[in-house]
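Please treat every number below as a calculation from the coordinates, not as lab data. Quick caveat: nothing in here was measured; it's all calculated off a predicted structure. Virtual Cβ from ideal backbone geometry, glycine too; neighbours counted across all protein chains shown.
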Amino acid sequence: MEIVKSEINQKILKTIIVVFVGSILLTLSAKFKIPFYPVPMTMQTFVVIFMGMAFGYKIGMATVSLYLIEGIIGLPVFSNSPERGVGLIYFTGPTMGYLIGFLFASFIAGYVNLNKNLFVIFVKLIFSVSFIYIFGILWLGNIIGWDKPIIQLGVKPFLLAELFKILILTLLSKKIYLLRKFI
């Protein structure tokens with residue numbers, strides 16, 4: 001019985017460490033950015049999808065949730081914080097839809113079967129990332145107005161970079177899958 005408790009405690013500890021390290025990776029990926037208006041280009045989508053692929057939807061969503069909570073309570077984890085504000089005020093700005101989309105993207109990426117052929121994985125990862133942009137442009141339209149070129153501002157500048165990130169994740173998918181054995 002003690003062995004079972006010990007194994008469960010080790011698994012819980014590993015999960016907590018992975019979620020915490022994942023939130024740090026998300027923060028770091030937010031800080032390396034190419035400034036665009038109104039949404040900067042970062043490596044966050046790569047990390048969000050990676051976490052879901054590597055550790056499954058539960059840990060992926062827990063990581064993104066921790067990251068969002070850290071930002072909402074005022075830690076400067078978001079891309080343009082602290083320069084453009086922190087906390088709930090920053091969270092509800094132009095990037096909120098994208099940040100909420102991270103939850104859905106990590107959830108879907110966690111369900112991608114990494115034992116399929118690479119084309120199927122690529123298509124499923126595109127589907128996963130699309131939720132970030134769907135939520136992003138829906139919120140962005142509400143913030144800056146639907147009369148503005150929402151797609152040109154909130155999607156188009158990022159498409160080539162997203163395809164590149166997804167291609168890298170697809171090519172590394174078999175190696176990424178091996179990380180699931182860590183948990």
The pairs in K14/K165; K33/K148; K5/K116 lying past 32 Å Cα-Cα in this model are K5/K116
Quick one: P(r) of the chain from all Cα-Cα pairs, 10 Å bins, percents rounded to integers, in order of increasing distance. 10, 37, 34, 15, 4, 1, 0
Out of L66, L88, L13, any idea which swings most in a Gaussian network model of the chain, alpha carbons joined below 10 Å? L13
Put in order of increasing Cβ neighbours within 10 Å, starting from the fewest, W139, W146 give W146, W139
Which residues among the stretch 54-97 fall inside the zone where the amide N is under 14 Å from a point 7 Å beyond the Cα of K31, along Cα→Cβ? 75-83
Just tell me which aspartates and glutamates come within less than 12 Å, Cα to Cα, of K31; anything on the same chain fewer than 8 places away is out. E83
Would you mind checking which residues have amide H under 5 Å from M41's amide H? H placed 1.01 Å from N; only 5 or more apart, or other chain. I34, F36
If I build a Gaussian network model for the chain, linking alpha-carbon pairs within less than 10 angstrom, which residue out of V123, V19, V64 has the largest mean-square fluctuation? V123
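Considering the convex hull of the alpha carbon atoms of the stretch 40-107, report its projected area averaged over all viewing directions, in nm², one decimal.
Details: hull surface 15.7 nm².
Projected over every direction and averaged, the Cα hull of the stretch 40-107 covers 3.9 nm².
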Build a GNM of the chain with springs between Cα atoms under 10 Å: which of P76, P149, P157 gets the top mean-square fluctuation? P149
What FRET efficiency do you get for K11 and L88 if R0 is 30 Å and r is their Cβ-Cβ distance, rounded to the nearest 0.05? 0.35
